[in-house]
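Before any comments, here is the structure.
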Amino acid sequence: MKYPLHLQKLIETLKCLPGVGSKSAERFAFELLDWRHDQLHEFSNLIKHIPEELPACQECGCLVDNRNCLFCNASRQQTGLMCVIASAKDAYAIESTREYKGLYHVLGTLLSPLEGKGPDQLTIGRLQERIQNLSIQELIIALDSTLEGDATALYIKKVVDNSSIKVSRLAFGIPMGSSFDYVDGGTLARALSGRGNF
Ligand SMILES: [Zn+2]
């Protein structure tokens, strides 16, 4: 017996979330059937307003809170440091270490030829502009320790190589092949304080 069409669609959508397989998606969908109307309304409103309520900062690409970017300010600019990250989410992981007080630059994705993600999908042009305009002295590459992360880090190093800034990359602490999602704050703090030349 097939599930009703709307329920099938709900399950298929839930399966798009990371780590959610068929069984979990079914469990979540049936759980939602038990929610009250007002809870479902609130939930759907939160999802519906993501584009207006959570835009990316035009400057750094981090998430804006109430039209204000908490990651772009004069004191961060004075450090001369810029941390290159793949996603806006990574800034929160680095902030939680309390080791870093500089600026961020969100690439948007990592290079991945297999998924058709090439250099033109990264915000490299803006990164080069910002390095110039903000007098950045050190660029810290904080990307996943994966094939895609390594390829992207090498590409960025090549692009900024002729400018006189120091380029470093998070070194030890991050297990090989792991994604930021699975790294705890202590490990990340050690990786950040022990970063080496790249
Ligand atoms: Zn910003």
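Considering only residues in region 110-122 that are in a loop (DSSP other than H, G, I, E, B) and modelled with pLDDT under 90, the one that is surrounded by the most Cβ atoms within 10 Å (Cβ to Cβ) turns out to be L122. Here S24, S44, S75 are screened, and the one residue that is within 16 Å of the ligand (Cβ to nearest atom), of a type outside the set (K, R), over 15 Å from the mean Cα position of the chain (by Cα) and in a helix (DSSP H, G or I) is S75.
Restricting attention to region 118-148, report how many residues are under 21 Å from V183 (Cα atoms) and either in contact with a strand residue (DSSP E or B) (Cβ under 9 Å, 6 or more places away or on another chain) or not small (G, A, S) (or both).
As a first pass, look at region 118-148 and keep what is under 21 Å from V183 (Cα atoms): 140-148.
Among the residues that remain, those that are also either in contact with a strand residue (DSSP E or B) (Cβ under 9 Å, 6 or more places away or on another chain) or not small (G, A, S) (or both) are: 140-144, 146-148.
Here the count works out to 8.
Listed by first and then second residue, the pairs with beta-carbon distance under 6 Å, at least 6 apart or on different chains, first residue in region 11-38 and modelled with pLDDT of 95 or more, second β-branched (V, I, T) and surrounded by 12 or more Cβ atoms within 10 Å (Cβ to Cβ), are L14/V20; A25/I11; E26/I11; A29/I11. Taking region 78-97 as the region of interest, how many residues are over 25 Å from A151 (Cα atoms) and within 11 Å of the ligand (Cβ to nearest atom)? So the answer is 0.
With respect to (1) within 13 Å of the ligand (Cβ to nearest atom); (2) in a loop (DSSP other than H, G, I, E, B); (3) surrounded by fewer than 18 Cβ atoms within 10 Å (Cβ to Cβ), the lone exception for G61 is condition (3). Considered as a group, the residues in region 64-95 that are small (G, A, S) and surrounded by 13 or more Cβ atoms within 10 Å (Cβ to Cβ) include one that is nearest to L111 (Cα to Cα), and that residue is A86.
Pull up region 47-58, narrow it to residues that are outside any helix (DSSP H, G or I) and more than 10 Å from the ligand (Cβ to nearest atom), then point me to the one that is nearest to G125 (Cα to Cα). Looking at residues that are outside any helix (DSSP H, G or I) and more than 10 Å from the ligand (Cβ to nearest atom), I get P55.
The values are calculated or read from the model by the stated rules, or taken from the named source; none is laboratory data. Owing to the predicted nature of the structure, the values given are computational and were not obtained by experimental measurement. Cβ coordinates were reconstructed from backbone atoms using ideal geometry, including for glycine residues, and neighbour counts include every protein chain displayed.
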